[in-house]
Amino acid sequence: MSILDNRPGLAHEVGQVAEVAGYLWQKGWAERNGGNITVNITEHIDDAIRAMPAISEPKPIGMTLPNIKGCYFYCKGTNKRMRDLARWPMDNGSVIRILDDCAHYEIIADKPVAPTSELPSHLAVHNYLIGKGSNYKASVHTHPIELVALSHCKKYLEKDVASRLLWSMIPETKAFCPRGLGIIPYKLPSSNELAEATIKELGDYDVTLWEKHGVFAVDTDVMAAFDQIDVLNKSALIYIQARNMGFEPDGMSDEQMREMTVAFNLPK
Ligand code: 13P
Ligand code: ZN
């Protein structure tokens, strides 16, 4: 028996996570256990699920997050591989419930798979999104090679330098990642400091670059969050290919960018 049985909405949601996990592995962005995904699945929760007993002890989140009280999340398991999750999402991830103290969670299904070590960042972000009335439900952390490579150079870590460069490589990048790429200076993986810095940047960006580590993206669903990372990384690849051919790419001109921004009704 699985919590997904006879629940097509929930099964679809978890199926989308599995599909994206497969893409992350195929792209080479998910070495070993690299990356993690969480989805707020509270809208799919019925009374039978609410009545399900915990299959773990209550565990501390490490912070108090009032907006996610009683919410449910599907979470990738810590130390689990995306390539395994792609085939067996309920063996490599689990469903958790946030307890009424807003500071602990318990695992309820299918197996006691401990959630990702980046849970503080993911849950703090969901708490922030709910607080601002956002319809975003999914967060994706992954290690996209070319974007991480850019983050090793100070020049690209200055505010909006990477955004403007990546937008100018191909018109669609700004169209499909209109808020650009926020930059987060290096912080210890899985730390509360990393979570707090991520929330700050998500006020202005849907995708943030964790210096020398990876990206963290949010969107309405897991596929949309993946797409935003994918278009940015595609632009990074084009930039790097041009450099490998021995020249600095021109990039779209300011006039071309302006024309695009107006035609697609994008934010300045
Ligand atoms: P987990 O296996 O705990 O999800 O960690 C992977 C990772 O990318 C940490 O930043
Ligand atoms: Zn990581």
Positive minus negative residues near S2 (Lys, Arg vs Asp, Glu; Cβ under 15 Å): -2
Cα centroid separation, region 36-52 to region 88-129 (Å): 10 Å
Expected 222 nm ellipticity per residue - DSSP helices of 4 or more, -39500 (n - 2.57), all of the chain, to 500: -11500 deg cm²/dmol
In nm, spacing of pseudo-spin labels at M63 and A175 (7 Å Cα→C-beta vector): 3.6 nm
Extension reserve of the L188-S2 stretch, reckoned as 0.36 nm per residue once the Cα distance is removed: 63.4 nm
Highest average packing first - 107-113, 89-95, 127-133, Cβ atoms within 10 Å: 89-95, 107-113, 127-133
FRET efficiency, D101 to F247 (Cβ-Cβ, R0 51 Å, nearest 0.05): 0.30
Dipole magnitude (debye, nearest 20) for region 15-119, charges at Cβ of Lys, Arg, Asp, Glu: 420 debye
Those residues of region 158-175 whose amide nitrogen sits under 19 Å from the label point placed on E255, 7 Å along Cα→Cβ: 168-171
Local electrostatic count, V125, Cβ distance below 12 Å [Lys/Arg +1, Asp/Glu -1]: -2
Neighbourhood net charge (14 Å Cβ-Cβ; Lys/Arg +1, Asp/Glu -1) for L99: 0
Cα-based reach from K80 at 14 Å (exclusive), listing aspartates and glutamates while leaving out same-chain residues under 8 positions away: E31, D91, E118
Those residues of region 21-40 whose amide nitrogen sits under 18 Å from the label point placed on K132, 7 Å along Cα→Cβ: 40
Extension gain (nm, one decimal) between K268 and V161, 0.36 nm per residue minus Cα-Cα: 37.0 nm
Which listed pairs, of K137/K268; K27/K159; K132/K200; K159/K234, have C-alpha distances above 22 Å, in listed order: K137/K268; K27/K159
Gain in span if fully extended, L237 to A149, counting 0.36 nm per residue against the direct Cα distance: 30.6 nm
Overall form of region 165-268 per C-alpha gyration tensor (a/c, 1.5; a/b vs b/c): oblate
Packing-based ranking, highest mean first, of 14-25, 250-261 given that Cβ atoms within 10 Å are counted: 14-25, 250-261
Approximate spin-label separation D46-K200, in nm, with each point projected 7 Å along Cα-to-Cβ: 4.5 nm
Label point distance in nm, T220-E19, each placed 7 Å from Cα along Cα→Cβ: 1.4 nm
Three-way shape call for the chain based on the alpha-carbon gyration tensor, with the a/c threshold at 1.5: prolate
Degrees between helix 119-131 axis and first principal axis of the chain (Cα, 0 to 90, nearest 10): 80 degrees
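Each value in this text was obtained by applying a stated rule to the coordinates, not by laboratory testing. Because the structure is a prediction, the values reported are computed rather than measured. So basically every Cβ, Gly included, is an ideal-geometry build from the backbone, and we count neighbours across all protein chains shown.
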